[in-house]
Amino acid sequence: MKRILLSLLVIVSHKSVAQIATINDTIVLSRTQAEALFLEKNISLISEKLNIDIADAQLIQAKLWPNPTLSVGEINLWHNATAEQLPALWGNFGKTSQVNAELEQLIQTAGKRKKLIAMEKVGVDIAKEYFKAFLRNLKVEFRGKLTELQYTQEQQAVYKKQLSSMQILLKAYSNQVAQGNIGRGEYIRLKASELQFLKEISDLRKENNSLQKELKILMNLPGTSYIKLTQDGFVPNNKNLDNINLVNLIASAVENRPDMKVIKLGNDYNDNKYKYEKAMRTPDLTLGLTYDRGSSTMVDFVGVGFALDLPFFNRNQGNIKAAKIAIAQGKLLTEEKTISVQSEVLQAYEDLMVTKKLYDSVEANYESDLDKLLESYRKNFMQRNTSMLEFLDFVDAYLDNKSILLNSKKDLNKNLEELRYISGQEIN
């Protein structure tokens, strides 16, 4: 029994170690590599892309001709005394049998089939633009989460560095307190700062966990993996931002943005729909070929015929009027959307320039100088040349400034991504 229990404990411990090893499966990625995985593996994108295949299938269906119709009737399986004798169909069978067969083919007139195909072709183009719009929306969400993850990683690094430094001070102060050289009040004050750092790191870890979950779903990665992003691309290339041509950007957005293209393609669809509805005024023609045995003056009668609706009452007036109104409505929507796109691009550009101005106002060496000054304060504090109040005040100011610098980088990234999204262009 003891051996069995020991074996079970060994198995459980091995499983636990294996689980920990799996959970700690860290994947180090750059933004470019992460986006490549997202574009390749995102399930929503794969699913949405199938709508293009559906639209292609509908186009194939529109190109097909209507099937001919075969009708067979008036077959008698018995006979009576009044039945006339007819030549046998085969052998001795069918001397008193009657049969009627009709073959009909619908012929669409006024180019209805071509007009329907033209509508479905526009439908394929609309499906492609809907996919681009879906990708555009999902991509801006994905990139925003990458930026947030990079930001939380940087924030954690800042607080972990300060925590490590504070714990070294606490260890030194603990020895001094034990020797009676320093009052316990100063030690407690440092301990409070340590707890504050631990709280900040804990909050950042929770935020990181939430971002990990969302990014793993977007990239279709195993739930046990852990994403670590390099800092490449966290700060955009500032020189390229100066070369943005606002006029060209607005014109390109109006011309190429997927949602704008969908509206324009909708207008093309409405034009084709109007032509199709006008064609529906013309009745379709049904041609028929009839074979009749035993019910006419001929034993084997073969005849041809045709059928069509007489457009006395219904000339498709209502559908034609609705299609014409849809064309006018589409033009109004296009005009409104154009103004909206132009305004959106202008606002996104101006927001980016405001953020860039703030980022540019920070001197190139300011952050490194800030780190050096903190180290100087720490050394002076250890040597008792600086009071605890001065030291902790500077640490707070240092963290505030670090936060401002990180936020300015994050905002610059987000505003650039917003301009990319609004303009529909991959601005470098």
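Let a ≥ b ≥ c be the square roots of the eigenvalues of the Cα gyration tensor of region 318-361; is it rounded (a/c under 1.5), or, if not, prolate (a/b larger than b/c) or oblate?
Values: a/c = 11.44, a/b = 7.97, b/c = 1.44.
It comes out prolate by the Cα gyration axes.
What number comes out for the charge environment of residue 63, summing +1 per Lys or Arg and -1 per Asp or Glu over other residues with Cβ under 9 Å away?
Values: positive: 113; negative: 120.
Result for the local shell: 0.
Work out how much length residue 76 to residue 245 would gain on full extension: take 0.36 nm times their residue separation and subtract the Cα-Cα distance, in nm to one decimal. Could you put the intermediate results ahead of the total?
On the way: separation 169, 0.36 × 169 = 60.84 nm, distance 8.40 nm.
That works out to 52.4 nm of additional length.
If r is the Cβ-Cβ distance from residue 334 to residue 306 and R0 is 41 Å, what FRET efficiency results, to the nearest 0.05? Walk me through the intermediate numbers first.
Values: r = 44 Å, r/R0 = 1.08.
E(calc), rounded to 0.05, equals 0.40.
Figure the gain on full extension for residue 47 and residue 314 (residue separation times 0.36 nm, minus the Cα-Cα span) and round it to one decimal in nm. Mind dumping the intermediate values first?
Details: separation 267, 0.36 × 267 = 96.12 nm, distance 4.23 nm.
The residue 47-residue 314 span can extend by a further 91.9 nm.
Relative contact order of the chain: what whole-number percent is it, with Cα pairs under 8 angstrom and at least 6 residues apart? Could the numbers behind the result be given before it?
Details: 448 pairs, mean separation 100.0, N = 428.
Answer for the chain is 23 percent.
Return a whole-number percent for the relative contact order of region 135-240, with Cα pairs under 8 Å and 6 or more residues apart as the contact set.
Values: 53 pairs, mean separation 41.7, N = 106.
Reported as a whole number, the value is 39 percent.
Given the -39500 (n - 2.57) contribution per DSSP H run of 4+ residues, what per-residue ellipticity at 222 nm results for the chain, rounded to the nearest 500 deg cm²/dmol? Show your work: numbers first, answer last.
Numbers: 11 runs with 291 residues, N = 428.
Taking each H run of at least 4 residues, the total per residue is -24000 deg cm²/dmol.
For the chain, which span is the longest to avoid every loop-located (per DSSP) member of chymotrypsin sites (Phe, Trp or Tyr not before Pro) having at most 12 other Cβ atoms inside 10 Å? Can you show the working numbers first?
On the way: sites that count: 78, 312, 313.
The longest uninterrupted stretch comes out as 79-311.
Could you check which residue among 412, 373, 265 shows the biggest mean-square fluctuation in a GNM of the chain with a 10 Å Cα cutoff?
The residue with the greatest mean-square fluctuation here is 373.
Which whole-percent values make up P(r) of the chain when all C-alpha to C-alpha distances are grouped in 20 Å steps starting at zero?
Each 20 Å bin holds this share of Cα pairs: 16, 29, 24, 16, 10, 4, 1.
Let a ≥ b ≥ c be the square roots of the eigenvalues of the Cα gyration tensor of region 100-193; is it rounded (a/c under 1.5), or, if not, prolate (a/b larger than b/c) or oblate? Can you show the working numbers first?
Numbers: a/c = 10.76, a/b = 6.51, b/c = 1.65.
Prolate is the answer for region 100-193, as a/c is 1.5 or above and a/b outweighs b/c.
Sequence gap at least 6, Cα distance under 8 Å: using those rules, report the relative contact order of region 32-181 to the nearest whole percent. Can you show the working numbers first?
On the way: 83 pairs, mean separation 39.9, N = 150.
Here the relative contact order equals 27 percent.
Treating only the Cβ of Lys, Arg, Asp and Glu as charged (+1, +1, -1, -1), what charge dipole size does the chain show about its Cα centre? Round to the nearest 20 debye.
Details: 56 positive and 52 negative charges, 202 e Å.
That gives the chain a dipole magnitude of about 960 debye.
Which of rounded, prolate, oblate describes region 214-292, given a ≥ b ≥ c as roots of the alpha-carbon gyration tensor eigenvalues and a/c under 1.5 marking rounded, otherwise prolate only if a/b is larger than b/c?
Values: a/c = 6.66, a/b = 1.94, b/c = 3.44.
Oblate is the answer for region 214-292, as a/c is 1.5 or above yet b/c matches or exceeds a/b.
Among 289, 374, 387, pick out the residue whose Cα is farthest towards the positive end of the charge dipole of region 282-428, where Lys and Arg carry +1 and Asp and Glu carry -1 on C-beta, about the Cα centre.
289
Starting from the Cα of residue 160, move 7 Å in the Cα-to-Cβ direction to define the label point; list residues of region 190-216 whose amide nitrogen is under 15 Å from there.
Backbone N within reach: 198-209.
To the nearest Å, what is the center-to-center distance of region 207-266 and region 357-420, using C-alpha atoms only?
That distance is 28 Å.
Percent of Cα-Cα pairs per 10 Å bin, from 0 to the last occupied bin, for region 133-284, please list those.
Calculated P(r), rounded to whole percents: 9, 19, 19, 18, 14, 9, 6, 3, 2, 1, 0.
Pull up the DSSP beta bridges for the chain and report the antiparallel fraction as a percent, rounded to 5.
Values: 24 of 29 bridges.
Once the DSSP bridges in the chain are tallied, antiparallel ones form about 85 percent.
Given the Cα-Cα distance of residue 102 and residue 387 and 0.36 nm per residue of separation, how much length would full extension add, in nm? Mind dumping the intermediate values first?
Details: separation 285, 0.36 × 285 = 102.60 nm, distance 10.80 nm.
Taking residue 102 through residue 387 to full extension adds about 91.8 nm, to one decimal.
How big is the charge dipole of region 303-428 about its Cα centre, in debye rounded to the nearest 20, if each Lys and Arg gets +1 on its Cβ and each Asp and Glu gets -1 on its Cβ? List each step's numbers first, then the result.
Details: 16 positive and 20 negative charges, 137 e Å.
For this selection, approximately 660 debye.
Can you pull the percent of Cα pairs in region 315-428 with separation above 22 Å?
Working: 3926 of 6441 pairs.
Percent of Cα pairs beyond 22 Å in region 315-428: 61.
All of the numbers you see were taken from the coordinates with simple rules; none came from a lab. The structure presented is a predicted model; accordingly, all values stated were derived computationally and were not measured. Glycine gets a Cβ as well: all are built from the backbone with ideal geometry, and neighbour counts include every protein chain shown.
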